[in-house]
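One structure is given here, and the rest of the page talks about it.
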Amino acid sequence: MGGSWLTEDQGRTLPDLARRTIEMALGTGTLAEGGQPTGAQPDIAPWLEAPGAAFVTLHTRTGALRGCIGSLAARRALVEDIRANALAAAFEDPRFPALTARELPDIVVEVSVLTAPEPLSYTDGRDLLTNLTPHVDGVIIEQGWHRATFLPQVWDQLPRPEGFLGHLCNKAGLPRSAWRSGDLKVSTYQVQKFSEANA
């Protein structure tokens, strides 16, 4: 989105866009005249055509994760990124079986639009801890071919920075203590989160 935040009215349309994309893939969506999903605008708004990076997260109504796939860099139009990641979260997340039409009514869709990641300078593990802002920063770590990210929402489950970083290292296939060495490449980003649960 070029660094600009979306309005609440704009953001509220994003989970619906993701859901309709999944519905069409499952064959449960309905088409209006002209081949558009019912309720969709025939012309895509300019702000959706601007480059953007987003994560699409699927939860059950009990709060259990059911899929989460996203992009860290804005390499395509936001509308295309959301559609592609909605399908990937529903059908290609390796942690879960493909979503079924029977499950979809019990799924809550969440879309997070990311700012561009910024490199974080730090000297050692202690310095890294003090430079992170819990519940605000999404974090990317990299070392060689090891790479992983946690969205800011993960702070809700892992509120202690040591635990957050340890689990993130584990996700990247590194020892949980790898963040203490000062050898990781670390970047941070922020998100705007829009969820059906808050609609």
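The values are calculated or read from the model by the stated rules, or taken from the named source; none is laboratory data. Because the structure is a prediction, the values reported are computed rather than measured. A quick note on method: Cβ atoms are made from the backbone with ideal geometry, for glycine too, and the neighbour counts reach across all protein chains shown.
Looking at L58, L72, can you tell me which residue is in contact with a Pro (Cβ under 7 Å, 6 or more places away or on another chain), in contact (Cβ under 8 Å) with a residue 24 or more places away in the chain, within 18 Å of V191 (Cα to Cα) and not small (G, A, S)?
L72
Of the residues that sit in the stretch 98-113 and are touching a helix residue (DSSP H, G or I) at 6+ places or on another chain (Cβ under 9 Å) and farther than 15 Å from F194 by Cα, which one is surrounded by the most Cβ atoms within 10 Å (Cβ to Cβ)? Break it down into steps so the answer makes sense when it comes.
Kept after step one, since they are touching a helix residue (DSSP H, G or I) at 6+ places or on another chain (Cβ under 9 Å), are these residues of the stretch 98-113: 98-101, 104, 107-113.
Within this subset, residues satisfying the condition of being farther than 15 Å from F194 by Cα are 98-101, 104.
Values: A98: 12, L99: 20, T100: 10, A101: 12, L104: 16.
The residue in question is L99.
Output the residue which, of all residues in the stretch 127-160 that are part of a helix (DSSP H, G or I) and crowded, with 20+ Cβ neighbours inside 10 Å, is farthest from the chain's Cα centre (by Cα).
Among them, the one singled out is L128.
Name the pairs whose Cβ atoms lie under 8 Å apart, with the first residue in the stretch 157-168 and not assigned by TED's automatic domain parsing to the domain that holds R147 and among the polar types (S, T, N, Q), the second at pLDDT 95 or above and not in a helix (DSSP H, G or I), and 6 or more positions between them or separate chains?
Pairs that qualify, where the first residue is not assigned by TED's automatic domain parsing to the domain that holds R147 and among the polar types (S, T, N, Q) and the partner is at pLDDT 95 or above and not in a helix (DSSP H, G or I): there are none.
If Q41 satisfies all but one of (1) at pLDDT below 95; (2) part of a strand (DSSP E or B), what's the number of the condition it fails?
Checking Q41 against (1) at pLDDT below 95; (2) part of a strand (DSSP E or B), the one that fails is (2).
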